[in-house]
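Below: one structure, written as C-alpha cells.
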Amino acid sequence: MYKDLEGKVAVVTGASKGIGKAIAIRLAQEHMKLVFNYHSDQNGAQMAVDQIKENGGDAVAVQADVSKEDDVNKLVKTAVDNFGQLDLFVNNAGMEKESPTHKLSLQDWKKVIDVNLTGTFLGTKAALNYFLDHKREGNIINMSSVHQKISWPHFADYSASKGGSMLLTETVAKEYANKGIRVNSIAPGAINTPINAEKFADPKTYAETAELVPMARIGKPEEVAAAAAWLASTESSYVTGETIYVDGGMQLYPEFANGRG
Ligand code: NAD
C-alpha cells in the first residue's frame, strides 16, 4: 500500500477490461478516486465502478474515444467536476491490427496510430494543461509494450505506435521535469487480457508464447497494475522518462538463454 495515494485522483483510459481495469481497481484499492474511461463497453466499466463503490471507494465511468481531443478533455473535466482535482493520468487504451505490412491498409494503420500514439499524446496534453494551469505536480503513465523495442513483423502499426510512445514519454518527461511533472512508461510483455484471450486459450499457442519468456509464463494484469501503483506513488519520486518492463524477461533476447549464440 502507498499511503500518499489516498484521496488523490486518477483518470485511466480503456479501463473497462484488461490491464486498464486492473490498474483502476488497484489504484482504487490504494484509496484513489477514479475516472474509468471506456470506449464501447459501458457495462464492463460500470460493473468495475460498482465494485469499487461497494468497497467504499469513489469512481465514475465516462465514455470517450481517446483519439478525439474533445473526448479526452472531457475526462480531465470529469475528474475535476467530480473529485475537485487531477493527480494522475494513465494513457492505457490501445489496439492492434495484424497484417503483413505490404497489405496493411492505410485505414488500419491510421486507426492504430490514432488510438495508441495520438491518444497518448492527447491524454498527455490534457493532463499537462491541467497541471500547469493549477501549478500542480502531476504524474503521467503511458502504457507501452515490449514492442517499443522488439520489432514485430505483421504488427508494424502497433510497433511503430509503441516506439513513438516511448520517445513521446522521454521527450515530455524532459520538457516538464522542472515543473515537478513526472512521465513514465510501462512496457508489458505477454499479458493475459481480452486482447489475446483467444490466443492464450489454445495450449499450443500459450506454450509457443511462453517460450519467448525467460520466466516461461504469461503475465497477469495485476502484475502490470502493481508497477503502475509504484509509479503513481512518491516511492518513485525520482523516476521520470523511464520504462518499466513487466515482461518476465521477454526483452532480454531469450534465444540466448543457456549460453547459446
Ligand atoms: P484490451 O483489449 O483488453 O483493452 C484495451 C482497452 O482499450 C479496451 O478497454 C478498449 O475498449 C480500449 N480502447 C480501444 N480503443 C479505444 C479508444 N479509441 N478510446 C478509448 N478506449 C479505447 O487490451 P489490454 O491487453 O488490456 O491492453 C491495454 C494496453 O496494454 C494497450 O495499450 C496495449 O497495447 C498494452 N499492452 C498489452 C499487452 C498484452 O499482452 N495484453 C502487452 C503489451 C502492451
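Only residues that are closer than 14 Å to Lys97 by Cβ and in a loop (DSSP other than H, G, I, E, B) were counted across the stretch 147-172, and they come to 4. Hey, any hits in the stretch 98-107 for a residue that's closer than 25 Å to Tyr38 by Cβ, more than 18 Å from the chain's Cα centre (by Cα), within 16 Å of the ligand (Cβ to nearest atom) and not in a helix (DSSP H, G or I)? Among the residues of the stretch 98-107, at least one is closer than 25 Å to Tyr38 by Cβ, more than 18 Å from the chain's Cα centre (by Cα), within 16 Å of the ligand (Cβ to nearest atom) and not in a helix (DSSP H, G or I), which makes the answer yes.
In the set Thr193, Thr209, Thr171, only one residue is open to solvent by 40 Å² or more (accessible area, probe 1.4 Å) and either of a type in the set (Val, Ile, Thr) or closer than 17 Å to Met95 by Cβ (or both); that residue is Thr171.
Say whether the condition of being β-branched (Val, Ile, Thr) and in a loop (DSSP other than H, G, I, E, B) is met by at least one residue in the stretch 47-68. For the stretch 47-68, residues β-branched (Val, Ile, Thr) and in a loop (DSSP other than H, G, I, E, B): present. Looking at the stretch 186-240, which of the residues that are in a loop (DSSP other than H, G, I, E, B) and within 23 Å of Tyr2 (Cα to Cα) is nearest to the chain's Cα centre (by Cα)? Here the answer is Lys220. Do you know which of the residues in the stretch 2-19 that are within 17 Å of Lys74 (Cβ to Cβ) and under 13 Å from the mean Cα position of the chain (by Cα) is farthest from the ligand (Cβ to nearest atom)? Taking the candidates together, the pick is Ala10.
The set of residues from the stretch 41-79 being away from the ligand (no atom under 13 Å from the Cβ) and open to solvent by less than 50 Å² (accessible area, probe 1.4 Å) comprises Val49, Ile52, Gly57, Ala59, Val60, Val76, Thr78, Ala79. Of the residues making up the stretch 211-239, those that are among the acidic types (Asp, Glu) and away from the ligand (no atom under 15 Å from the Cβ) are Glu211, Glu235. Taking (1) in contact (Cβ under 8 Å) with a residue 40 or more places away in the chain; (2) more than 9 Å from the ligand (Cβ to nearest atom) in turn, Lys110 satisfies each apart from (1).
The values are calculated or read from the model by the stated rules, or taken from the named source; none is laboratory data. The model shown is predicted, which means the values in this text are computed figures rather than measured ones. Note that we place each Cβ from the backbone using ideal geometry, even for glycine, and neighbour counts take in every protein chain shown. Ligands, DNA and RNA are excluded from the accessible area calculation, which covers all protein heavy atoms including side chains. Shrake-Rupley method; radii C 1.70, N 1.55, O 1.52, S 1.80 Å.
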